[in-house]
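K.L.:
Okay, here's the structure, questions in a sec.
Each reported figure results from applying straightforward, stated rules to the coordinates on display, with no laboratory input. Note that the structure is predicted; figures quoted are calculated from it, not measured. All Cβ positions, even for glycine, are placed from backbone atoms using ideal geometry, and neighbour counts span all protein chains on display.
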Amino acid sequence: MAKKKDFESSLKRLEEIANQMEKNDTTLENSLKLYKEGVEEAMFCANFLKDMEQQVSILQKDANGLFKLNPFYNMEEN
């Protein structure tokens with residue numbers, strides 16, 4: 001059974017990959033492999049954050065003093 005990926009472990013792996021590549025003590029082939037894995041982890045993290053952003057709602061008062069839910073991305077517009 002495949003382990004379900006989560007944001008924290010994906011971000012940790014991305015940091016490990018960056019550290020390995022900064023050391024520059026690996027072969028070109030391994031560097032390419034790490035780079036590809038890093039891109040996949042970065043895409044996973046970006047998509048995860050985008051999904052979370054869409055789920056976040058913020059309570060704001062309207063002109064009548066009533067609270068209403070607004071999507072997170074509208075926060076800067078109000």
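K.L.:
Taking +1 at the Cβ of each Lys and Arg and -1 at the Cβ of each Asp and Glu, which of Asn64, Phe7, Tyr35 sits farthest along the dipole of region 7-77 towards its positive end, judged by Cα position relative to the Cα centre?
P.N.:
Projecting each Cα onto the dipole axis, the largest value belongs to Asn64.
K.L.:
Would you list, by chain and number, the aspartates and glutamates whose Cα falls below 16 Å from the Cα of Lys68, excluding same-chain residues fewer than 8 positions away?
P.N.:
The reachable aspartates and glutamates, counting only those whose Cα sits under 16 Å from Lys68, are Glu76, Glu77.
K.L.:
How big is the charge dipole of region 7-77 about its Cα centre, in debye rounded to the nearest 20, if each Lys and Arg gets +1 on its Cβ and each Asp and Glu gets -1 on its Cβ? Numbers along the way, then the final one.
P.N.:
Working: 8 positive and 14 negative charges, 39 e Å.
So the dipole magnitude of region 7-77 works out to roughly 180 debye.
K.L.:
Listed highest first by mean packing, meaning other Cβ atoms within 10 Å per residue, what order do 41-50, 60-69, 15-24 come in?
P.N.:
Working: 41-50: 14.0, 60-69: 8.6, 15-24: 12.2.
Descending packing order for the listed peptides: 41-50, 15-24, 60-69.
K.L.:
While we're looking at this one, here's another question. Which whole-number percent gives the relative contact order of region 7-77, counting Cα pairs below 8 Å spaced six or more residues apart? Intermediate values should be presented prior to the final figure.
P.N.:
Details: 49 pairs, mean separation 18.7, N = 71.
So the answer I get is 26 percent.
K.L.:
Gln55 versus Glu15, label points 7 Å from Cα toward the beta carbon: distance in nm?
P.N.:
The two pseudo-label positions are separated by 2.2 nm.
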